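Below: the structure, in structure tokens.
The values are calculated or read from the model by the stated rules, or taken from the named source; none is laboratory data. These numbers come from a predicted model, not from an experiment. Cβ coordinates were reconstructed from backbone atoms using ideal geometry, including for glycine residues, and neighbour counts include every protein chain displayed. Areas reflect the complete protein model, heavy atoms only, side chains present, ligands, DNA and RNA absent. Shrake-Rupley method; radii C 1.70, N 1.55, O 1.52, S 1.80 Å.
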Amino acid sequence: MISVTINGERRQLDQPLNCAELLARLELSGKRVALERNGEIVPRSRFAAERLAEGDRLEIVVAVGGG
Amino acid sequence: MKPHENLDPLVIAGKPYRSRLLIGTGKYKDFAETRAAVEASGAEIVTVAIRRTNIGQDPKQPSLLEFLPPSKYTLLPNTAGCYTADDAVRTLRLARELLDGHDLVKLEVLGDPKSLYPNVVDTLGAAKTLVAEGFKVMVYTSDDPIVARQLEEIGCVAVMPLASLIGSGMGILNPWNLGIIIEQAKIPVLVDAGVGTASDAAIAMELGCDGVLMNTAVAAAKNPVLMASAMKMAVEAGRAAFLAGRMPKKLYSGAPSSPTSGMISPAGSK
């Protein structure tokens, strides 16, 4: 069990997922999102390779309407 | 000059655009209205915001980019809502990743949530970092000519001074400062913020601005799609008037438009 913060919300994960697995669990697979882990961009090409660790802070963003 | 033949493109970072009107995509009723307004405006560059995804929402909900596909529009990710250089830089790094390496961005660092006045110190700092990282930065700033010049020196590809405060619709409050910025700049100058109605956009273009960026003036109109079309015409009219070169202003001229000779004789004379 690890604890991570996703978009400001603390969450428990039963196992240390990689980024692709996390996005699948959040029903965001195939969606146009970008991911930042502890202040650093995780490129899409590395989603499967980067495994989450205890205490990670993640930001998952999309494009929305704005000026 | 026939603008529709694109003899007079707006060139940003080496790329020509037919339209000199850039439109924001916030504050519309729904995505269908956003798209209809963007289409009516003729804009090719549209700004988008970058925000946390709403985890747990219906994954089938449409996304903005389904209505404004990056294949059809140049999406300009913008950092509106950021109050520090660091937040703005992180937001645009995420945007570049989100948009497959797209590096044309709008930098905006605010200094105050009430006025939404830009924090030019953090704007300058963020611009330096972003330019060093290869971003093509279109930068929102105050109408201070010195700051505008420094942003150009840093390597921004366009400088975008406010006409008045964001969302105020107050129009162009300091045409003289804008004039100084336009005169000195070698990069495009776009008015960003403050336009309220079509005449404001026309005045900005008549001053010699290279373009106008707006959101609220269109989105908050009673009929946003009609206002978008009015803005398109205003920007085109203002640009044409600027290129045509207006006549000088005089208090009076003593020179009527009709010939002074050949008048019929006054009644009662021969």
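Observations on the structure shown:
- For q = 0.34 Å⁻¹, Debye-computed log10 I/I(0) when each Cα of the range B:59-103 counts as one equal scatterer: -1.16
- Each Lys and Arg adds +1 at its Cβ and each Asp and Glu adds -1 at its Cβ; summed about the Cα centre, chain A shows a dipole of about 180 debye.
- Between the Cα long axis of helix B:120-132 and the first principal axis of chain B there is an angle of about 70°, rounded to the nearest 10.
- Other-chain or far-sequence residues with amide H under 5 Å of residue B:12's (modelled H): B:17
- Residue pairs, from the table B:106/B:186; B:72/B:106; B:114/B:186; B:15/B:114; A:31/B:27, whose Cα atoms sit over 25 Å apart: B:114/B:186; B:15/B:114
- Note on the protein assembly as shown: with charges restricted to the Cβ of Lys and Arg (+1) and Asp and Glu (-1), its dipole about the Cα centre is near 860 debye.
- Prolate/oblate/rounded call for the range B:1-121, Cα gyration tensor, a/c under 1.5 rounded: oblate
- Based on every Cα atom in the range B:57-134, Rg and the maximum pairwise Cα distance Dmax equal 14.1, 41 Å.
- Cβ-defined net charge surrounding residue B:204, 11 Å radius [Lys, Arg +1; Asp, Glu -1]: -2
- Interface size A-B, as summed buried accessible area [1.4 Å probe, Å², nearest 100]: 2400
- Over all other residues within a Cβ to Cβ distance under 10 Å of residue B:10, the charged ones net out to +1, with Lys and Arg as +1 and Asp and Glu as -1.
- Ordering B:53, B:260 by accessible surface, largest first, gives B:260, B:53; the 1.4 Å probe counts only protein heavy atoms, with every chain in place.
- The convex hull defined by the C-alpha atoms of the range B:150-270 has an orientation-averaged projected area of 11.9 nm².
- Charged-residue dipole, Cβ positions (Lys, Arg, Asp, Glu), chain B about Cα centre, Debye nearest 20: 720
- Mean projection area, nm², convex hull over Cα of the range B:92-149: 4.2
- For the protein assembly as shown, the Kirkwood estimate of hydrodynamic radius, built from reciprocal distances between every pair of different alpha carbons, is 21.7 Å.
- For the peptides A:25-33, B:128-136, B:240-248, the ranking by packing is B:128-136, A:25-33, B:240-248, with the highest mean count of neighbouring Cβ atoms within 10 Å listed first.
- By the equivalent-ellipsoid construction on the alpha carbon gyration tensor, chain A comes out with semi-axes of 19, 13, 11 Å, ordered largest to smallest.
- Gyration tensor verdict on chain B (Cα atoms; rounded if a/c is under 1.5, prolate if a/b is larger than b/c, oblate otherwise): prolate
- Between helix B:85-98 and chain B there is an angle of about 80 degrees, using the helix long axis and the longest principal axis of the Cα atoms.
- Lys/Arg +1, Asp/Glu -1 at C-beta; chain A dipole; positive extreme among A:7, A:45, A:17: A:45
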